[in-house]
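Nothing in this text is a laboratory measurement; each read-out follows from the coordinates by a stated rule. Quick caveat, the model's predicted, so the values are computed rather than measured.
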Amino acid sequence: MLFGDTEVPWQFIHEDDWGGQVMRRLDDGWCAALDRDSMRCTIYAQRPMICREFELGSEECLEERKGSSAAYLEDC
Ligand code: SF4
């Protein structure tokens, strides 16, 4: 979810059914700004506030990474 002024390029923004702005997702369900090969953010310097506040290595981060690993294993 994007709040207030954002520097996120418009092509990565989607307006949800409630009129809120969110990061656009591609068919794989992941953020459109994510480089699928390097798994790095292509708009790191312009990433939304919620991404800046998501602490690397936090419990939530580690949970998400577990989910990501599972997604890769399902593709194998
Ligand atoms: S940090 Fe991740 S979720 Fe946030 S904009 Fe970049 S690729 Fe998307």
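Give me the extension gain from residue 26 to residue 44: residue separation times 0.36 nm, minus the current Cα-Cα distance, reported in nm with one decimal.
Result: 4.7 nm gained on full extension.
Please state, as a whole number in µm²/s, the translational diffusion coefficient that the Stokes-Einstein equation yields for the range 10-75 at 10 °C and 1.306 mPa s, with Rh defined as the Kirkwood radius across alpha carbon pairs.
Rounded, D is 119 µm²/s.
To the nearest 10 degrees, how steeply does helix 59-75 sit against the main Cα axis of the chain, on a 0 to 90 scale?
60 degrees
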